[in-house]
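The values are calculated or read from the model by the stated rules, or taken from the named source; none is laboratory data. In this text, all values refer to a predicted model and were calculated from it rather than measured experimentally. Every residue, glycine as well, gets a Cβ built from its backbone with ideal geometry; the counts of neighbours run over all protein chains shown. Surface accessibility is based on the protein's heavy atoms, side chains included, excluding ligands, DNA and RNA. Shrake-Rupley method; radii C 1.70, N 1.55, O 1.52, S 1.80 Å.
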Amino acid sequence: ETTAHILLQCEFAARFWEELGMDISSSDTDSVLLRISRPQAMMPEKHFSTFILLCCWELWKRRNNVVFRGERATIQETLRACRADVELWKHRLRQEDRWVVAAWCA
């Protein structure tokens with residue numbers, strides 16, 4: 001499995017991104033992460049790349065848990081894990097930038 005497959009192309013990842021309102025269907029390379037367009041209505045531009053990386057991290061952890069522990073997290077469980085990580089990451093942002101976390105979690 002390639003990174004692109006785990007994060008973008010497998011059925012679970014594709015459904016995950018779709019649930020977030022992001023269209024990654026035309027992606028066939030790892031560089032697509034740099035080109036993911038944000039859903040305009042619901043996602044602020046500020047720190048969007050951080051949000052994408054946090055989502056990738058959750059997908060990666062989920063895949064490892066499937067392969068090495070036999071776990072089967074659902075989309076909703078993975079989204080809840082993303083929200084939990086985002087809440088933690090909020091404290092790494094400047095105070096004046098923490099408003100983006102509420103938008104991410106919405």
Answer yes if at least one residue in the range 42-54 is among the charged types (D, E, K, R) and either under 30 Å from residue 1 (Cα atoms) or modelled with pLDDT of 90 or more (or both), and no otherwise. no
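Scan the range 1-38 for residues that are assigned to a loop (DSSP other than H, G, I, E, B), out of contact with any Leu (no Cβ under 7 Å at 6 or more places or on another chain) and at pLDDT below 75 and report the count.
Final tally of qualifying residues: 11.
For (1) among the hydroxyl-bearing types (Ser, Thr, Tyr); (2) under 15 Å from the mean Cα position of the chain (by Cα), each residue gets a yes or a no:
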position	(1), (2)
49	yes, yes
65	no, no
68	no, no
82	no, yes
86	no, yes
92	no, no
98	no, no
Inside the range 47-77, can you point out the residues that are out of contact with any Asp or Glu (no Cβ under 6 Å at 6 or more places or on another chain), under 20 Å from residue 14 (Cβ atoms), open to solvent by less than 70 Å² (accessible area, probe 1.4 Å) and part of a helix (DSSP H, G or I)? 48, 51, 52, 55, 56, 58, 59, 61, 62, 63, 64, 66
